[in-house]
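Student: Dumping the structure here so I can ask a few things about it.
The values are calculated or read from the model by the stated rules, or taken from the named source; none is laboratory data. These numbers come from a predicted model, not from an experiment. Note that each Cβ is placed from the backbone with ideal geometry, even for glycine, and that neighbours are counted across all protein chains shown.
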Amino acid sequence: MSTEERSVNQPEEQPSLSEQRLIRRAKLKELQDAGQDPFQITKFVVKHHSADIKEGFEALEGAMTSVAGRIMSKRGMGKAVFCDLQDGKGRIQLYVRVDELGEEAFAKFKKTDIGDIVGVEGEVFKTKRGEISVKAHKVTLLSKSLQPLPEKFHGLTDKEMRYRQRYVDLIMNEDVRRTFRIRTAFIKHMRRYLDERDYLEVETPVLNTISGGATARPFITHHNTLDIDMYMRIATELNLKRLTVGGFERVYEIGRIFRNEGMDPKHNPEFTTIELYEAYADFHDMMDIAEGVLSTAAKEILGSYRVTWLGNEIDLTPGWKRMTMIDAVREYVGVDFEAISDDEEACKAADAVFLGAVGGPKWDTIDPAIRPERGLLGIRKALGLFANLRPATLFPELAGACLLRPDISAKGLDLIVVRELTGGIYFGQPAGTEVRDGLRTGFNTMIYNEEEIARIGRVAFSTARKRRKKVCSVDKANVLAVSRVWREVMIEVGKEFPDVELTHLYVDNAAMQLVRDPSQFDVIVTGNLFGDILSDEASVITGSIGMLPSASLGTGNPGLFEPIHGSAPDIAGQGKANPLATILSAAMMLRLAFDMDAEAAAIEGAVHKVLSDGFRTGDTMETYFFDFTVNSAYLTSDYAGRTPGEGNVLLVADITVKNTFEQSIEMYDTDFQVQWDDGDDAYAYPITTDMETYTEVEPVGENQLPGTYPMAVDEERSGELVYEVPSGFTDFSIAYLEQFVDDSGEESTGETFFVYFTAEDQTGASA
């Protein structure tokens with residue numbers, strides 16, 4: 001027995017039910033107690049539907065009929081009630097009078113609710129206002145509606161509810177019912193149209209050993225008897241083609257298709273296709289069938305060749321224009337593909353160029369002139385795309401995957417590298433290889449003129465104006481003459497933007513500062529080579545190079561949008577590659593090329609949601625192989641007879657570690673490094689390791705952790721780590737570096753974790 005059946009047969013009051021539902025259950029209980037259970041009525045003879053009565057009124061006026069349907073409204077007038085009855089073909093008005101039904105039956109009818117299903121026997125007539133109606137002589141309650149319908153003025157408007165409770169949607173929305181009827185009529189029409197042309201309708205298997213015919217993702221199930229995995233079909237194509245091979249010259253199938261993919265207004269994982277194949281025919285014949293089916297369906301079902309779709313009128317009158325895709329693009333877009341002879345012209349004809357990652361080892365040994373990267377550089381050069389914008393943002397959802405110390409990453413990372421694209425060492429001449437003094441010699445030329453520098457500078461300053469108004473120009477002016485010109489021109493351009501702060505860094509210092517404190521940067525502007533390196537560094541800091549998009553822009557030409565990373569050939573086809581940089585590049589394209597800010601924001605929001613829901617590729621995976629805590633810590637001048645050198649003290653940290661990895665591993669005290677300052681030398685290792693010889697030293701204290709020890713899965717261990725540190729410090733951090741051996745037998749490195757603590761100063765006290 002279903003839940004609904006139980007609620008009907010056991011209508012006890014439940015606190016969660018609304019007052020209306022309680023009242024309706026009480027009415028049902030009263031009927032059942034009186035032996036008038038409507039659910040026991042199994043049949044009612046319907047002579048006419050509402051549409052039949054209205055269409056045939058002249059012949060039916062004054063005649064007795066019987067109708068059945070759902071009460072959609074009631075309007076009481078003392079001893080008479082008007083109702084709207086909805087059946088499978090529409091609505092008709094009921095006129096119910098006490099003198100026709102009798103006192104008892106009329107009183108019973110007045111207790112019916114909106115939504116109840118009734119059968120009515122009565123006379124067809126027309127009211128004084130001219131409304132075709134049925135005057136009820138007898139009313140039979142056929143089914144009690146225990147759930148109230150949505151209120152009549154607004155109906156069922158919540159989209160989610162409409163899709164999940166389509167039966168309620170059908171009750172309340174005539175347009176939806178009409179759509180259902182049109183769909184059924186179209187399928188009937190399609191079947192009749194093809195049958196008349198000697199097509200054979202067939203049914204092919206839904207379960208297959210291969211999903212067949214397309215590239216969508218299938219649903220997978222298991223056939224118990226055969227003990228094999230099988231796939232729900234994603235197309236009817238293959239089996240229909242096999243039937244033509246078998247000798248059936250014209251076949252079609254109206255079949256359900258299953259694709260285990262997302263959902264949107266134009267896409268459902270389960271849908272119906274009508275697919276047909278004809279031997280000895282070509283695409284011209286298929287065009288004739290497509291035109292014939294749709295035009296005749298419109299005329300037959302809708303009564304007109306003109307239909308409206310999404311506010312646009314479409315004329316389906318036979319005699320459709322035939323044209324190639326090339327002709328269509330030429331006529332409606334204004335681009336002539338046949339006049340385009342190469343990729344460069346194709347890119348210039350576009351509104352924007354969207355590329356995936358390029359490159360790979362298999363092209364490393366071919367002629368450099370035809371490598372994929374050379375083609376990419378050529379497109380940039382041909383389109384005059386001199387400015388490459390590479391945003392690097394630390395997504396809050398990936399904070400745990402950031403490679404920086406937590407105290408640094410907590411400051412945030414939100415910068416843009418504006419990289420010059422068409423000059424510098426990548427394009428400078430002369431360049432090449434030759435033999436000099438008997439030795440193979442390679443050479444390149446780094447060259448920039450003041451116009452190239454000025455235009456990229458203006459892009460950087462304009463970008464900064466929309467952000468935090470800070471530009472850092474990166475060069476190598478202490479060594480390179482080209483960088484000295486670069487810096488001079490940047491200073492000149494900066495005077496055009498007095499509201500934007502300009503600073504300068506040498507490239508080696510900039511690389512260090514990106515790691516030390518990336519939050520200090522807003523917009524970084526630099527040349528081709530330096531920008532290539534710094535933007536990749538910035539991307540990895542955020543957690544993965546697979547997260548960063550880019551936009552290459554020029555003046556008046558289409559922009560080029562692409563991820564900054566390579567093609568990851570080592571994981572090609574394995575479903576492991578991070579797609580987010582490509583997706584975010586599409587968002588940049590919508591925003592910068594088409595001014596579609598809302599659409600771009602929707603894509604970026606979807607990325608945030610996916611990350612916040614915990615979905616990760618390997619490059620953004622956060623690894624937590626250890627629970628690691630510092631329970632307490634103190635400073636001392638003596639630990640179990642061990643004393644520090646002059647100017648130093650001993651730091652004793654009581655720690656607890658737990659192995660949460662899936663296998664046992666060997667622990668090393670050198671994995672726990674203590675730090676007390678930001679300086680390069682402000683760190684030390686536990687005294688259980690001699691860092692001169694890198695050999696293990698026996699613990700001197702009873703509670704001291706040894707230099708090495710195994711830990712089983714889920715094993716927890718506590719003990720003391722002892723460090724020699726400079727006096728004058730009480731605030732410390734211990735950095736733990738995960739290193740483990742994976743299933744391949746190779747050593748792997750995980751994350752570095754930092755635990756910050758303050759040590760109690762017990763200097764001079766004995767441990």
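Student: With the checklist (1) part of a helix (DSSP H, G or I); (2) buried (at least 22 other Cβ atoms within 10 Å of the Cβ); (3) in contact with an Asp or Glu (Cβ under 9 Å, 6 or more places away or on another chain) in hand, flag the one item residue 550 doesn't pass.
Tutor: Here residue 550 meets the rest and fails (1).
So that you can scan it fast, the table gives a plain yes or no per residue for (1) farther than 18 Å from residue 117 by Cα; (2) outside any strand (DSSP E or B):
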site: 30; (1), (2): no, yes
site: 47; (1), (2): no, yes
site: 52; (1), (2): yes, yes
site: 65; (1), (2): no, no
site: 72; (1), (2): no, no
site: 81; (1), (2): no, no
site: 86; (1), (2): no, no
site: 95; (1), (2): no, no
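Student: With (1) out of contact with any Pro (no Cβ under 6 Å at 6 or more places or on another chain); (2) surrounded by 15 or more Cβ atoms within 10 Å (Cβ to Cβ); (3) within 26 Å of residue 727 (Cβ to Cβ) as the list, and residue 657 as the residue in question, which single condition is left unmet?
Tutor: (3)
Student: Has the stretch 311-322 got at least one residue that is assigned to a helix (DSSP H, G or I) and under 30 Å from the mean Cα position of the chain (by Cα)? Walk me through it before giving the result.
Tutor: Filtering the stretch 311-322 for residues assigned to a helix (DSSP H, G or I) gives none.
No.
Student: Do the conditions hold for residue 348, that is, is it surrounded by 15 or more Cβ atoms within 10 Å (Cβ to Cβ) and out of contact with any helix residue (DSSP H, G or I) (no Cβ under 8 Å at 6 or more places or on another chain)?
Tutor: Here the answer is no, as residue 348 does not meet what is asked.
Student: Answer yes or no as to whether residue 273 is in a strand (DSSP E or B), in contact with a strand residue (DSSP E or B) (Cβ under 7 Å, 6 or more places away or on another chain) and of a type in the set (Ser, Thr, Tyr). Even if it seems obvious, please write down each step before you answer.
Tutor: Numbers: in a strand (DSSP E or B): yes; in contact with a strand residue (DSSP E or B) (Cβ under 7 Å, 6 or more places away or on another chain): yes; of a type in the set (Ser, Thr, Tyr): yes.
The answer is yes for residue 273.
Student: Among the candidates 349, 387, which residue alone is hydrophobic (A, V, I, L, M, F, W, C), over 30 Å from residue 288 (Cβ atoms) and without any contact (Cβ under 8 Å) to a residue 24 or more places away in the chain?
Tutor: So the residue among 349, 387 that is hydrophobic (A, V, I, L, M, F, W, C), over 30 Å from residue 288 (Cβ atoms) and without any contact (Cβ under 8 Å) to a residue 24 or more places away in the chain is 349.
Student: Additional query: Have a look at 401, 387 and point out the one that is aliphatic (A, V, I, L, M), surrounded by 15 or more Cβ atoms within 10 Å (Cβ to Cβ) and at pLDDT below 80.
Tutor: Sole residue among the options that is aliphatic (A, V, I, L, M), surrounded by 15 or more Cβ atoms within 10 Å (Cβ to Cβ) and at pLDDT below 80: 401.
Student: Filter the stretch 449-498 down to the residues that are among the hydroxyl-bearing types (Ser, Thr, Tyr) and surrounded by 22 or more Cβ atoms within 10 Å (Cβ to Cβ) and list them by number. Reasoning before the result, please.
Tutor: Here is the first cut: in the stretch 449-498, the residues among the hydroxyl-bearing types (Ser, Thr, Tyr) are 462-463, 473, 483.
473, 483, listed by residue number.
Student: Pairs needed: first member in the stretch 530-551, in the same structural domain as residue 391 (by TED's automatic domain parsing) and of a type in the set (Phe, Trp, Tyr); second member anywhere, assigned to a helix (DSSP H, G or I) and at pLDDT 85 or above; C-beta distance under 7 Å; at least 6 residues apart or different chains.
Tutor: 530/507
Student: I need a count of the residues in the stretch 644-686 that are among the small types (Gly, Ala, Ser) and under 42 Å from the mean Cα position of the chain (by Cα).
Tutor: Qualifying residue count, the stretch 644-686: 1.
Student: Okay, next question. Any residue that is surrounded by fewer than 17 Cβ atoms within 10 Å (Cβ to Cβ), of a type in the set (A, V, I, L, M), within 28 Å of residue 397 (Cβ to Cβ) and touching a residue at least 40 places away in the same chain (Cβ under 8 Å) - is there at least one of those in the stretch 504-525?
Tutor: Yes, because at least one residue in the stretch 504-525 is surrounded by fewer than 17 Cβ atoms within 10 Å (Cβ to Cβ), of a type in the set (A, V, I, L, M), within 28 Å of residue 397 (Cβ to Cβ) and touching a residue at least 40 places away in the same chain (Cβ under 8 Å).
Student: For residue 151, only one of the following conditions fails: (1) outside any helix (DSSP H, G or I); (2) at pLDDT 80 or above. What is its number?
Tutor: Failing condition for residue 151: (2).
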